[in-house]
Amino acid sequence: MPAPLFSPGRGVCSRPVFLAFTGAAAEMENNNESAHRAVRIVTMDVVVAALIFALGALVVYESNRLGSGWDENGPQAGYFPYYTGLLVCISGAVVFVQGLFKLKSEVKVFVRQDQFRQVLVILLPSAAYVLGVQLIGIYVPSAVFIGLFMKIAGKYSWLRSVLVGLSVSVIAFLLFEVWFKIPLPKGPFEKLIGY
């Protein structure tokens, strides 16, 4: 018999009953079904270790190009970055090899497909927003980002989404450009209205 979830003084409820009552049992079944469509932790360890090694190798290369030795005045410009990059390469290689040894045996899940989809719902629009700010300024992309995010992720009505998106952008424009005189990235629309 499973151990009680609560102490006898406060009431006794077994874990399976409690999980079934809260709906967590169905979630556990879904997790088991989608486990085969998941990225394992060890896979991410190996990929990140390879990226860290590549970053360290880039630092080592550039430091060597600058000069990583000693001259008559002491250490050259790339001396300390060279050895820092070398330590980063060694660390990345160690983690990479450890990950390769655990590749067959380690089965802990880093992220499931459904969880990763939720991350992308936030990440992709945010990346598009950052790109939009670089290309056409901050105010128009902010209004579009807030409005579409409210409609798609928040399931608000179009009217409310458009009103909030425009309101936030207009208030931010007045606050930064007009009252505080702090210039933020602007695009063609702001030039059209004289800013």
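We did not get these values from a lab; they are worked out from the coordinates using the rules stated. None of these values were measured; they are calculated from a predicted model. A quick note on method: Cβ atoms are made from the backbone with ideal geometry, for glycine too, and the neighbour counts reach across all protein chains shown.
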## Note on the structure
So for R0 = 41 Å, FRET eff. of Leu131-Lys104 from the Cβ-Cβ r, to 0.05, ends up at 0.55
### Task
Just order 175-186, 85-96 by mean Cβ neighbour count inside 10 Å, highest at the front, would you?
85-96, 175-186
### Query
If you take the alpha carbon radius of gyration of the stretch 68-195 and divide it by 2.2 N^0.38 Å, what ratio comes out, to two decimals?
1.74
#### Entry: Binned Cα-Cα distances of the stretch 39-112, short to long, each 10 Å bin given as a whole percent
22, 34, 22, 14, 6, 1
## Note on the structure
Label model pair Ala57, Glu177: point-to-point distance (7 angstrom along the Cα→beta-carbon line) in nm is 4.7 nm
